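Enquirer: Dropping a structure here in structure tokens format, bear with me for questions.
The values are calculated or read from the model by the stated rules, or taken from the named source; none is laboratory data. All values reported here derive from a predicted model rather than from experimental measurement. All Cβ positions, even for glycine, are placed from backbone atoms using ideal geometry, and neighbour counts span all protein chains on display.
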Amino acid sequence: MSKNNTKYIFVTGGVVSSLGKGLTSAALGALLEQRGLTVRIQKFDPYLNVDPGTMSPFQHGEVYVLDDGAETDLDLGHYERFTSGKLSRLNNLTSGQVYEKVLQKERRGDYLGATIQVIPHITNEIKDRIASDACEPADIVITELGGTIGDIEGLPFLEAMRQFALEKDPDDVIFLHCTLLPYLKAAGELKTKPSQQSVAKLREIGIQPDILVCRSEQPISNDLRKKLSLFCNVPIKAVIEECDVETSIYELPLALKSEKVDDLVIEMLNLDNPDNSMQIWVDVVRRLKAPSHKVEIGVVGKYIELQDAYKSVYESITHAGIANDCSVRVQRIDAEDLETEGTEILKSLDGILIPGGFGDRGIEGKILAAQYARENHIPYLGLCLGMQIAVIEFARNVAGLKEANSAEFNADTPHPVIHIMEEQKALKTKGGNMRLGAYDCTLAKDSFSYHAYESETISERHRHRYEFNNDYREALSEKGLRFAGINPEKDLIEIIEMPEHPWFVAVQFHPEFKSKPHSAHPLFANFIASTLKYKQ
Ligand code: GLN
């Protein structure tokens, strides 16, 4: 902590959704960390789900899991990848959580007969969370509000932010509004009207943005900046251009740096942290833009057409490419296509990755992909479901247990090599009933995993209901399956490997939640290194 008290930045979005507010918040956090400030970033989501754990990836993208087991919005993944602050379940607040808490208090009689209202009861609850003292202290708290200005659901959050700012000193709080400047081909120009209107909407409820971050496909001219400044009541130097990045999202910290956003924030918050080198981000971008090698890997999944369903997996692959000075082309393969069209499409691949998933759609296709990787000595990385698939494939095709399956896909299989976990069996609900969060794992020496981590004890994040069935440990081990990682507390299998294979590692956890652009996760880094080594 520096000598200053905590300062607050609120990030809102206007005009359209998917503006990349989460990325902007994360990149801003990275810039401020470079200036020696400690940063905590949190997300407020106006939907009524208590957490996104029960939401389909089709609707909401990936569920991002934290060490403490919180199932959170995928923007928290950006926060962790760009900054070093530790996140917990307190960093993601939904309307569902706010209402749940207020209603619990009401039932307990805590409000002493008062009429419970959005203002002040809901807004007070939100204000408490903005500056929660249960969180690690930080110099700067960045709070991103999900959704778009104008959404009915967002109003209590905006009202809480307005009140919060009123109660603080003016140089303790800033509002940053992200907006879009659409390009109209027919007019041949970027339009400012939607931004003007969304700022007007904010001002109607008493919030004047201090900084305007303008997403656009093209650079913004000085005239346009002047116009935005005038109509949105923001100083011209606080009109920030955020053009689409060329190669990767990891260019964003440098792009915002060239717009001097960090200087602006430091000045507005009356701080005096000196400028520092951005070398780690320069290095990341240099390696991304001019890689020496090239490999192609296949990600075989069920939500393949969706950009966000395997977000952290794709990001981790990019990080591993950076670590290996290598560009990684990712072929997204729909597992069901393998069932109908066969494995021809896998022929050009240097590596195969099967990510996590739920439900039985595409399972047989994934089993075919694991078999193909094993038989053709293609490096394989299995994540969670991808590990269970590898076990089923091995049991069926190497150990001769023809009908082996996971009880998730066939409750009556004679060989449930994957079965429901003891603790999960007792739970009847479908929300929040998985084995979640960080657990330890002890690695076997001489395994691929040990070689990757260079450590005997590791900790990784989990999100699953089913697990390896220890009744099959001996039978499968006799046939050559290596149990390379075990949870010491409960003797659960965490990692399987195939020692005769060039590189075959499948893990019950989700390493993708702990990879960063400048420090790739060791398993992903080793996976990509092995694809380079064994490239045909
Ligand atoms: N469906 C599997 C289970 O519940 C795998 C979960 C996952 O891949 N995240 O165990």
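Enquirer: Could you give every pair whose Cβ atoms fall below 8 Å, whose first residue belongs to region 361-387 and is of a type in the set (Val, Ile, Thr) and away from the ligand (no atom under 12 Å from the Cβ), and whose second residue is at pLDDT 95 or above and not in a helix (DSSP H, G or I), counting only separations of at least 6 or pairs across chains?
Expert: 378/349; 378/350; 378/351; 378/352
Enquirer: Restricting attention to region 64-119, and to residues there that are among the polar types (S, T, N, Q) and within 15 Å of the chain's Cα centre (by Cα), which single residue is surrounded by the fewest Cβ atoms within 10 Å (Cβ to Cβ)?
Expert: My answer is 84.
Enquirer: Related question: I need the full set of residues from region 343-360 which are among the small types (Gly, Ala, Ser), surrounded by fewer than 17 Cβ atoms within 10 Å (Cβ to Cβ) and within 12 Å of the ligand (Cβ to nearest atom), in order please.
Expert: 359
Enquirer: Say whether the condition of being more than 28 Å from residue 159 (Cβ to Cβ) and surrounded by 15 or more Cβ atoms within 10 Å (Cβ to Cβ) is met by at least one residue in region 194-211.
Expert: Looking through region 194-211, none of the residues is more than 28 Å from residue 159 (Cβ to Cβ) and surrounded by 15 or more Cβ atoms within 10 Å (Cβ to Cβ).
Enquirer: Across region 261-286, what is the number of residues that are surrounded by 15 or more Cβ atoms within 10 Å (Cβ to Cβ) and in contact with a Gly (Cβ under 8 Å, 6 or more places away or on another chain)?
Expert: Qualifying residue count, region 261-286: 1.
Enquirer: Another question, then. Tell me the strands (runs of 3 or more DSSP E) entirely within region 444-504 that contain at least 2 residues that are of a type in the set (Lys, Arg).
Expert: Counting at least 2 such residues, we get 457-464.
Enquirer: Would you point out which residue out of 154, 61, 150 is crowded, with 20+ Cβ neighbours inside 10 Å, of a type outside the set (Val, Ile, Thr) and over 28 Å from residue 461 (Cα atoms)?
Expert: 154
Enquirer: Turning to a different aspect of this structure: Condition (residue is over 19 Å from the mean Cα position of the chain (by Cα), more than 27 Å from residue 384 (Cα to Cα) and surrounded by fewer than 20 Cβ atoms within 10 Å (Cβ to Cβ)) applied to region 295-303: is it met by at least one residue?
Expert: No: region 295-303 contains no residue that is over 19 Å from the mean Cα position of the chain (by Cα), more than 27 Å from residue 384 (Cα to Cα) and surrounded by fewer than 20 Cβ atoms within 10 Å (Cβ to Cβ).
Enquirer: Across region 415-446, which residue is modelled with the lowest pLDDT among those that are among the hydrophobic types (A, V, I, L, M, F, W, C) and within 14 Å of the ligand (Cβ to nearest atom)?
Expert: 427
Enquirer: Same structure again: I'd like the full set of residues that are crowded, with 24+ Cβ neighbours inside 10 Å and part of a strand (DSSP E or B), limited to region 505-536.
Expert: 505, 506, 507
Enquirer: Hey, residue 24 hits all of (1) touching a Leu at 6+ places or on another chain (Cβ under 7 Å); (2) at pLDDT 95 or above but one; which does it fall short on?
Expert: Only one criterion is unmet by residue 24, namely (1).
Enquirer: Then there's this: Mind checking which residues of region 402-414 are closer than 16 Å to residue 364 by Cβ and away from the ligand (no atom under 12 Å from the Cβ)?
Expert: Within region 402-414, 402, 403, 404, 405, 410, 413 qualify.
Enquirer: Just name the residue that is farthest from residue 473 (Cα to Cα) out of those in region 488-502 that are touching a residue at least 60 places away in the same chain (Cβ under 8 Å) and crowded, with 24+ Cβ neighbours inside 10 Å.
Expert: 495
Enquirer: Does residue 527 satisfy the condition of being more than 16 Å from the ligand (Cβ to nearest atom), among the hydrophobic types (A, V, I, L, M, F, W, C), in contact with a Pro (Cβ under 8 Å, 6 or more places away or on another chain) and within 27 Å of residue 66 (Cα to Cα)?
Expert: Yes.
Enquirer: Inside region 455-478, can you point out the residues that are surrounded by fewer than 20 Cβ atoms within 10 Å (Cβ to Cβ), within 16 Å of the ligand (Cβ to nearest atom) and among the charged types (D, E, K, R)?
Expert: 465
Enquirer: Please determine whether any residue of region 312-329 is more than 16 Å from the ligand (Cβ to nearest atom), over 22 Å from residue 80 (Cβ atoms), buried (at least 24 other Cβ atoms within 10 Å of the Cβ) and not polar (S, T, N, Q).
Expert: no
Enquirer: Let me ask another. Please identify the pairs in which a residue from region 457-482 that is closer than 14 Å to residue 498 by Cβ has its Cβ atom under 6 Å from the Cβ atom of a residue that is more than 10 Å from the ligand (Cβ to nearest atom) and of a type in the set (A, V, I, L, M, F, W, C), counting only partners at least 6 apart or on another chain.
Expert: Here the result reads 476/399; 479/398; 479/399; 481/394; 481/496, each pair linking region 457-482 to a residue that is more than 10 Å from the ligand (Cβ to nearest atom) and of a type in the set (A, V, I, L, M, F, W, C).
Enquirer: Let me confirm something: among 64, 47, 99, which residue is within 30 Å of residue 199 (Cα to Cα), in contact with a Leu (Cβ under 9 Å, 6 or more places away or on another chain) and of a type in the set (Ser, Thr, Tyr)?
Expert: 99
Enquirer: Then there is this: Here's a check for you: in region 374-430, which residue that is of a type in the set (Lys, Arg) and buried (at least 17 other Cβ atoms within 10 Å of the Cβ) is farthest from residue 498 (Cα to Cα)?
Expert: Checking each candidate, the answer is 396.
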